[in-house]
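Written out below as structure tokens is the structure these notes cover.
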Amino acid sequence: MPKLTIDGVEIEVEDGLTVLQACEQAGVEIPRFCYHERLSIAGNCRMCLVEVKPGPPKPQASCALPAGEGMEVITNSPMVQKARHGVMEFLLINHPLDCPICDQGGECDLQDQAMAFGHDGSRYAENKRAIDDKYMGPLINTIMTRCIHCTRCVRFSTEVGGVEDMGMINRGESAEITTLGKAVSSELSGNVIDLCPVGALTSKPYSFVARPWELRKTETIDALDATGSNIRIDARGNEVLRVLPRLNEDVNEEWISDKTRFACDGLRRQRLDKPYVRNAEGKLAPAEWDEAFEAIAARVKGVDSSKIAALAGDLCDAESMFALKALMAALGSQNLDCRQDGAKLDPTNRVAYLFNTGIAGVEEADACLIIGSNPRWEAPLVNARLRKRWLRGNFSVGVVGPRSDLTFDSDYLGGGTDTLRQIADGSHPFASTLKNAERLMLILGMGALARSDGAAVLAAARAIADSTGMIDDGWNGFNVLHTAAARVGGLDLGFVPGDGGLDTNGILDGAGSGAVEIVYLLGADEIDTQKLEKAFVIYQGHHGDAGAHAADVILPGAAYTEKSGTYVNTEGRVQQGRVAAFPPGDAREDWTIIRALSAKVGHTLPFDDLPALRKQLHAACPHFTRLDDPDKAVWRDFGTVGTMDAAPFVASISNFYMTDPISRASETMAKCTQEFILGDDEATGTDG
């Protein structure tokens, strides 16, 4: 550990750190534009110049200079100040005076550093250089005359995003960042907006919408996938205007997916803002809350409990599922399920449905087997961790299931269960790779579990884990990758069929045959609603999606940004979301609707406020009290050994940009679907 002196103070730092990192540890601020701690070092901007002794009598770039024994670093000498003034003056030569109209205004590194380290004027009297704006897709807006060529965007898209769409062409004064007219085809592309230290790359949907000081900022949790990304929601009045990432090293680092960031405009469209009841003519008509509750109470009265069922959707919070489960128990029904896709998960054994390695634990593995999953679409932040580990080298990845571009090298082993059997019995060539790995991990996706033989596939995956030594010395490499934010919380709560109860497929089949007469859909839209035509359907949700179309009574609920709710991510991490805006119209938080309905049907639930509900929730599931602290599940047998269908695994997500009612209502996600999924051919009618 070298010792060096920074501004007269001697410190000891880890070997391998740069001078800039050593200064940061010493609490000395070093200005920078191109340097970013998660990206490779470029040394482009020269803003981080410091004076170093012994050394040449000129300032040196601290971001690219290794800290060495006996160095004397001076960060505020006249030489350094003059150098920084000069660098800032050069950076501003061609930068336009756009601050009054720039979306980056108020959050701009260039503004801040020009104030702190720049001159109070400019000596440049020549014509400024102008650059044509570049097309980078429906999400990224470009004003390239502002670009200072820090190349953060290029390095991010290549190193983290895993796509080579962005680059720099030409040299000197002619240098430009460009995609050559191509949209940036990464599910993480929006992060370059946060990385850009000037206003060259901004959010296209957010252009000219608001100033940062007008917005109310709320720290909360994303619910559009099962990663549980930590986010900040910025709202003005009752309208969510943008979503930004929050730092959480164990979950999403400081990135978020494009769906998390840009689907928020779907919160304004196709909203349910009042109750509806289907009238005698078969049409849904607006109603008051009491009318809706009375229609439900009248229909429930006298119906046998075995003919009542409930399904929870993918965006539900734990509180609403707990309340609905309590109501179903009061009605005597055991027919409930939180697995809309029918995934054959074992709810009795927590280790069987968690991402046990942990998202951050991916970086410790040295081999990975992916079964029936495309993590690039199902969990882009998990895929980014896999790529991060692959970039370090000595990381073997095998894929069983649909072929997909994961942004890193992988061996395609086969499409279905035959390959799984061969790996389990050791006859497949990749089995030796798995057995030789010291820290092996397996990722089991919904594409393998959401099928009729899902329990047998689960058992086969467990057999692979046992035979390869995947569970050893505190390391658990068995991972289930969920796609729904509500799934782990629902399984933890026991929102699954009770003794003799029906699961999702049983409920839908029963509704189709008439055996199930009443179905309560709590935000459940990813089901075959045609099977519900004979049943009396109660839909509680926030968007007029598939479930609302099939409903006889609609109860308007709150979206994830509009309620205080608990979510459990795919690794079992309990996190709490907070209210960033209020539900529109007569819509209410979901647990309050269920509590009010329970009184109307004669089974009043024993809680009147959120603290009382959470007290009961915590008593039933004590681990819900440990926020942001996933506990390790105990390894036990699970799954049902049986015959596996020879049919290949299929992808659980066909369109990354539209997976839930919010993203399906988003105009921005519709543009992304057109650009990246359908392609320009669909729009032009040409072949390609």
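Could you please tell me which pairs satisfy a Cβ distance under 6 Å, a separation of 6+ or placement on different chains, a first residue in region 1-28 that is free of Cβ contacts under 8 Å to residues at least 24 places away in the same chain and closer than 22 Å to Pro78 by Cα, and a second residue that is of a type in the set (A, V, I, L, M) and part of a strand (DSSP E or B)?
Listed pairs, sorted by first residue: Ala26/Ile6; Ala26/Ile11.
For the structure I just gave you, tell me whether Ala298 is open to solvent by 10 Å² or more (accessible area, probe 1.4 Å) and outside any loop (DSSP other than H, G, I, E, B). First the steps, then the outcome.
Working: open to solvent by 10 Å² or more (accessible area, probe 1.4 Å): yes; outside any loop (DSSP other than H, G, I, E, B): yes.
Taking the combined requirement at face value, the residue satisfies it.
Is there a residue in region 183-193 that is farther than 20 Å from Ile256 by Cβ and more than 19 Å from the chain's Cα centre (by Cα)? Write out each step before concluding.
Looking only at region 183-193, we keep the residues that are farther than 20 Å from Ile256 by Cβ, and these are none.
So far as region 183-193 goes, no, none of its residues is farther than 20 Å from Ile256 by Cβ and more than 19 Å from the chain's Cα centre (by Cα).
If we scan region 532-552, do we find a residue that is under 17 Å from Leu324 (Cα atoms), in contact (Cβ under 8 Å) with a residue 12 or more places away in the chain and among the β-branched types (Val, Ile, Thr)?
The answer is yes; a qualifying residue exists.
Of the residues that make up region 264-283, is at least one of a type outside the set (A, V, I, L, M, F, W, C) and open to solvent by less than 10 Å² (accessible area, probe 1.4 Å)?
Residues of region 264-283 that are of a type outside the set (A, V, I, L, M, F, W, C), as a first pass: 265-266, 268-271, 273-276, 278-279, 281-283.
Of the ones still in play, those that are also open to solvent by less than 10 Å² (accessible area, probe 1.4 Å) are 266, 275.
The answer is yes; a qualifying residue exists.
Which of the residues spanning region 464-498 are open to solvent by 40 Å² or more (accessible area, probe 1.4 Å) and either in contact (Cβ under 8 Å) with a residue 12 or more places away in the chain or in a loop (DSSP other than H, G, I, E, B) (or both)?
As a first pass, look at region 464-498 and keep what is open to solvent by 40 Å² or more (accessible area, probe 1.4 Å): 466-467, 469, 471-474.
Within region 464-498, Ser467, Gly469, Ile471, Asp473, Gly474 meet the criteria.
Have a look at Gly118, Gly106, Gly86, Gly137 and point out the one that is of a type in the set (Gly, Ala, Ser) and open to solvent by 30 Å² or more (accessible area, probe 1.4 Å).
Numbers: Gly118 fails: open to solvent by 30 Å² or more (accessible area, probe 1.4 Å); Gly86 fails: open to solvent by 30 Å² or more (accessible area, probe 1.4 Å); Gly137 fails: open to solvent by 30 Å² or more (accessible area, probe 1.4 Å).
Matching residue, one of Gly118, Gly106, Gly86, Gly137: Gly106.
Pairs, please: C-beta under 9 Å, at least 6 apart or cross-chain, first residue under 13 Å from Pro138 (Cβ atoms) and in region 191-206, second of a type in the set (Asp, Glu) and not in a loop (DSSP other than H, G, I, E, B)?
These pairs meet every condition: Pro205/Asp265; Pro205/Glu667.
Give me a count of the residues in region 19-39 that are more than 11 Å from Val50 (Cβ to Cβ) and in contact with a Phe, Trp or Tyr (Cβ under 9 Å, 6 or more places away or on another chain).
3
Quick one: how many residues across region 415-435 are free of Cβ contacts under 8 Å to residues at least 60 places away in the same chain and out of contact with any Phe, Trp or Tyr (no Cβ under 8 Å at 6 or more places or on another chain)? Full working, then the answer.
Looking only at region 415-435, we keep the residues that are free of Cβ contacts under 8 Å to residues at least 60 places away in the same chain, and these are 419, 422-429, 431-432, 435.
When the remaining residues are screened for being out of contact with any Phe, Trp or Tyr (no Cβ under 8 Å at 6 or more places or on another chain), the result is 419, 422, 424-429, 431-432, 435.
Summing the residues that are free of Cβ contacts under 8 Å to residues at least 60 places away in the same chain and out of contact with any Phe, Trp or Tyr (no Cβ under 8 Å at 6 or more places or on another chain) in region 415-435 gives 11.
Note down all Cβ pairs under 7 Å where the first residue falls in region 624-649 and is part of a loop (DSSP other than H, G, I, E, B), the second is at pLDDT below 90 and open to solvent by less than 80 Å² (accessible area, probe 1.4 Å), and they're at least six residues apart or on different chains.
Note: pairs meeting the criteria are Trp635/Ile471; Ala646/Gly416; Ala647/Gly416; Pro648/Gly415; Pro648/Gly416; Phe649/Gly415; Phe649/Gly416.
Scanning for something without any contact (Cβ under 8 Å) to a residue 12 or more places away in the chain and either among the acidic types (Asp, Glu) or open to solvent by less than 10 Å² (accessible area, probe 1.4 Å) (or both), does region 595-612 turn up at least one residue?
Within region 595-612, one or more residues are without any contact (Cβ under 8 Å) to a residue 12 or more places away in the chain and either among the acidic types (Asp, Glu) or open to solvent by less than 10 Å² (accessible area, probe 1.4 Å) (or both).
Filter region 222-247 for residues that are open to solvent by less than 10 Å² (accessible area, probe 1.4 Å) and of a type in the set (D, E, K, R); which is farthest from Cys316 (Cα to Cα)?
By that ranking, first place goes to Asp234.
How many residues, within region 1-41, are of a type in the set (Ser, Thr, Tyr) and crowded, with 21+ Cβ neighbours inside 10 Å? Full working, then the answer.
So in region 1-41, the residues of a type in the set (Ser, Thr, Tyr) come out as 5, 18, 35, 40.
Restricting the remaining residues to those that are crowded, with 21+ Cβ neighbours inside 10 Å gives 35.
Of the residues in that region, 1 qualify.
Restricting the first residue to region 270-283 and requiring it to be without any contact (Cβ under 8 Å) to a residue 24 or more places away in the chain, which pairs with a second residue that is in a strand (DSSP E or B) meet a Cβ separation below 7 Å and a spacing of at least six or different chains?
Going by the 7 Å Cβ cut-off, the qualifying pairs are Asn279/Ala285.
Within region 55-84, take every residue that is in a helix (DSSP H, G or I) and touching a helix residue (DSSP H, G or I) at 6+ places or on another chain (Cβ under 7 Å) and give me the one that is farthest from Cys34 (Cα to Cα).
In this case the residue turns out to be Arg84.
Residues in region 307-325 that are over 30 Å from the mean Cα position of the chain (by Cα) and either closer than 16 Å to Ala548 by Cβ or assigned to a helix (DSSP H, G or I) (or both): how many?
Applying the first criterion (over 30 Å from the mean Cα position of the chain (by Cα)) to region 307-325 yields 307-309.
Still in the list and also either closer than 16 Å to Ala548 by Cβ or assigned to a helix (DSSP H, G or I) (or both): 307.
So the count comes out to 1.
Considering each of Pro78, Pro100 in turn, give the residue that is within 29 Å of Pro57 (Cβ to Cβ) and open to solvent by 70 Å² or more (accessible area, probe 1.4 Å).
On the way: Pro100 fails: within 29 Å of Pro57 (Cβ to Cβ).
Of Pro78, Pro100, the one residue that is within 29 Å of Pro57 (Cβ to Cβ) and open to solvent by 70 Å² or more (accessible area, probe 1.4 Å) is Pro78.
Contact list please: Cβ distance under 8 Å, first residue in region 318-330 and in contact (Cβ under 8 Å) with a residue 12 or more places away in the chain, second residue assigned to a helix (DSSP H, G or I) and acidic (Asp, Glu), pairs at least six apart or on different chains.
Pairs found: Ala318/Asp492; Glu319/Asp590; Ser320/Asp590; Ala323/Asp590.
For region 194-207, how many residues are open to solvent by less than 20 Å² (accessible area, probe 1.4 Å) and either over 30 Å from Ala379 (Cβ atoms) or of a type outside the set (Ser, Thr, Tyr) (or both)?
7
Across region 635-659, what is the total count of residues that are more than 25 Å from Ala352 (Cα to Cα) and open to solvent by less than 50 Å² (accessible area, probe 1.4 Å)?
Looking only at that region, the number is 3.
Answer yes or no as to whether Val240 is touching a Cys at 6+ places or on another chain (Cβ under 8 Å) and not aromatic (Phe, Trp, Tyr).
Numbers: touching a Cys at 6+ places or on another chain (Cβ under 8 Å): yes; not aromatic (Phe, Trp, Tyr): yes.
Criteria met by Val240.
Could you tell me which residue of region 131-168 is farthest from the chain's Cα centre (by Cα), considering only residues that are of a type in the set (D, E, K, R) and assigned to a loop (DSSP other than H, G, I, E, B)?
Start the filter on region 131-168 by keeping residues that are of a type in the set (D, E, K, R), which leaves 132-134, 146, 152, 155, 159, 164-165.
With the extra rule that they be assigned to a loop (DSSP other than H, G, I, E, B), the set shrinks to 132-134, 164-165.
Numbers: Asp132: 33, Asp133: 30, Lys134: 28, Glu164: 22, Asp165: 22 Å.
Per the stated criteria, the residue is Asp132.
Consider Leu241 carefully, then state whether it is part of a helix (DSSP H, G or I) and touching a residue at least 24 places away in the same chain (Cβ under 8 Å).
Numbers: part of a helix (DSSP H, G or I): no; touching a residue at least 24 places away in the same chain (Cβ under 8 Å): yes.
Criteria not met by Leu241.
Residue-by-condition table, conditions (1) surrounded by fewer than 18 Cβ atoms within 10 Å (Cβ to Cβ); (2) of a type in the set (Val, Ile, Thr):
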| residue | (1), (2) |
| --- | --- |
| Cys45 | no, no |
| Cys48 | no, no |
| Pro66 | yes, no |
| Val73 | no, yes |
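Could you figure out which of (1) in contact (Cβ under 8 Å) with a residue 40 or more places away in the chain; (2) farther than 20 Å from Phe293 by Cβ; (3) of a type in the set (Asp, Glu) isn't true of Asp586?
Just one mismatch for Asp586, condition (2).
So which residues in region 219-243 are of a type in the set (S, T, N, Q) and more than 13 Å from the chain's Cα centre (by Cα), if there are any at all?
We begin by selecting, within region 219-243, every residue of a type in the set (S, T, N, Q); these are 220, 227, 229-230, 238.
Result: Asn238, single match.
Residue-by-condition table, conditions (1) assigned to a strand (DSSP E or B); (2) within 30 Å of Pro286 (Cα to Cα):
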residue: Leu188; (1), (2): no, no
residue: Val192; (1), (2): no, no
residue: Ala210; (1), (2): no, no
residue: Lys217; (1), (2): yes, no
residue: Leu224; (1), (2): no, yes
residue: Asp250; (1), (2): no, no
residue: Thr260; (1), (2): no, no
residue: Ala263; (1), (2): no, yes
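The values are calculated or read from the model by the stated rules, or taken from the named source; none is laboratory data. Everything numeric here is computed off the predicted structure, so don't read it as measured data. Cβ coordinates were reconstructed from backbone atoms using ideal geometry, including for glycine residues, and neighbour counts include every protein chain displayed. Surface accessibility is based on the protein's heavy atoms, side chains included, excluding ligands, DNA and RNA. Shrake-Rupley method; radii C 1.70, N 1.55, O 1.52, S 1.80 Å.
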